[in-house]
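A short worksheet on the structure shown next.
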Amino acid sequence: EPIVKIRNLSKSYRRGTQIIPVLSGISFDIARGEFVALMGPSGSGKSTLLNLIAGIDSADEGEIEIGGVEITRLGESDLARWRAVSVGFIFQFYNLIPVLTAFENVELPLLLTHLNRRERREHVEAVLNVVGLADRMDHYPSQLSGGQQQRVAIARAIVTDPEILVADEPTGDLDRASAEEILQLMDRLVHEFGKTVIMVTHDPRAAEKAHLVRHLEKGELSVT
Ligand code: ADP
Ligand code: ADP
């Protein structure tokens with residue numbers, strides 16, 4: 001049973017009186033434990049597709065089923081609850097909160113759960129260990145390198161133990177060595193921790209790490 005099932009998904013944006021079609025009826029499945037790279041020209045709708053899968057944006061038509069939940073049928077508050085624990089989002093520019101330490105940034109998603117303070121600390125320390133930053137947990141984002149900030153962001157994305165991780169150009173702002181570290185970490189999340197990763201990327205080296213590359217162009221998806 002695939003973890004992600006997408007059927008006839010369509011999305012367009014309105015710009016003034018103009019309607020801009022972005023996704024025109026795409027369908028595909030993603031198997032559990034898959035590492036998918038989503039490529040395609042700028043403006044082809046990669047981020048839009050990722051945001052739909054993560055439940056950040058809503059589709060015009062079609063269905064998205066993730067882990068047996070048809071998220072396209074959820075109302076706003078159910079969707080927010082689902083999103084908080086079921087999917088981890090990794091951004092190009094990390095999106096860490098500058099006034100919070102690495103520890104506090106990673107703890108944030110857990111504040112929405114029933115975990116108490118001690119349990120939260122255990123989870124945060126465990127994932128900071130996974131990303132190799134346990135010794136930096138009291139540092140603020142500005143005291144960390146880009147690669148370290150992205151590792152904190154990855155720790156934040158996995159702290160609720162979601163099955164799915166979506167990443168929008170996670171290496172786009174990093175030098176080659178840091179990018180390689182981040183890709184190795186994502187690879188570990190797939191192989192060691194059984195996560196399913198969907199990653200938008202322009203970087204052929206990043207795509208090489210993935211099992212499967214899909215191209216989005218003119219609203220249509222293709223496999224290579
Ligand atoms: P990609 O990630 O492949 O670069 P995007 O999904 O960011 O593509 O954007 C696809 C198209 O949709 C672009 O033409 C973009 O300008 C447009 N678009 C994306 N988000 C919005 C929005 N919130 N409102 C209006 N247009 C948008
Ligand atoms: P990408 O790196 O995917 O190309 P962009 O810089 O095009 O991202 O877009 C960044 C964010 O701005 C996206 O989340 C997208 O939804 C939004 N966006 C993109 N184009 C437009 C637009 N024309 N109008 C409003 N929002 C947009």
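The values are calculated or read from the model by the stated rules, or taken from the named source; none is laboratory data. Everything quoted here is computed from the prediction, not taken from an experiment. Cβ: placed from backbone, ideal geometry, glycine included. Neighbour counts: every protein chain shown. Note: areas computed on protein heavy atoms with side chains; ligands, DNA, RNA excluded. Shrake-Rupley method; radii C 1.70, N 1.55, O 1.52, S 1.80 Å.
The ellipsoid that matches the Cα gyration tensor of the range 1-117 has semi-axes, each √(5λ) in whole angstrom, of 27, 19, 15, with the longest given first. Translational diffusion coefficient of the range 97-180 (Stokes-Einstein, Kirkwood radius from Cα pairs, 4 °C, 1.567 mPa s): 99 µm²/s. For the chain, the direction-averaged projected area of the alpha-carbon convex hull comes to 12.7 nm².
Within the shell of other residues whose beta carbon sits under 13 angstrom from the beta carbon of Ile26, the net charge comes to 0, with Lys and Arg scored +1 and Asp and Glu -1.
Taking θ as phi - 60° and the Karplus parameters 6.51, -1.76 and 1.60, the scalar couplings of the range 140-146 work out to 8, x, 5, 8, 10, 6, x Hz in sequence order, x denoting glycine and proline. Can you give the angle from 0 to 90° between the axis of helix 176-191 and the longest principal axis of the chain, with both taken from C-alpha atoms, to the nearest 10? On a 0 to 90 degree scale, this one is about 80.
A cut-off under 9 angstrom between Cβ atoms defines the neighbours of Lys11, and their net charge, with Lys, Arg +1 and Asp, Glu -1, is -3.
Around the Cα centre of the chain, unit charges on the Cβ atoms of Lys, Arg, Asp and Glu (plus for the first two, minus for the last two) sum to a dipole of about 260 debye. Taking the protein heavy atoms of the range 1-110 in the context of the full set of protein chains, the accessible area attributed to carbon and sulfur is 49 percent at 1.4 Å. Bridges between two residues of the chain, per DSSP, are antiparallel at a rate of about 55%. Between 0 and 90 degrees, the angle of helix 76-86 with respect to the longest Cα principal axis of the chain falls at about 60 degrees. Rounded to two decimals, the Cα radius of gyration of the range 165-224 over 2.2 N^0.38 Å is 1.14. Under 5 Å between amide hydrogens, built in the peptide plane, is the criterion, and for Ile90 it picks out Val166, Ala167, Asp168 among residues at least 5 positions away or on other chains.
In the range 73-224, taking the dipole from charged Cβ atoms about the Cα centre, the farthest positive-side position among Gly172, Val197, Thr113 is held by Thr113. Annotation: amide H-H contacts under 5 Å for Thr113 (H modelled 1.01 Å from N, sequence separation of 5 or more, or interchain): none.
Heavy atoms of the protein chains alone define the surface here; on that basis the range 1-101 has 50 Å² accessible area per residue at 1.4 Å probe size.
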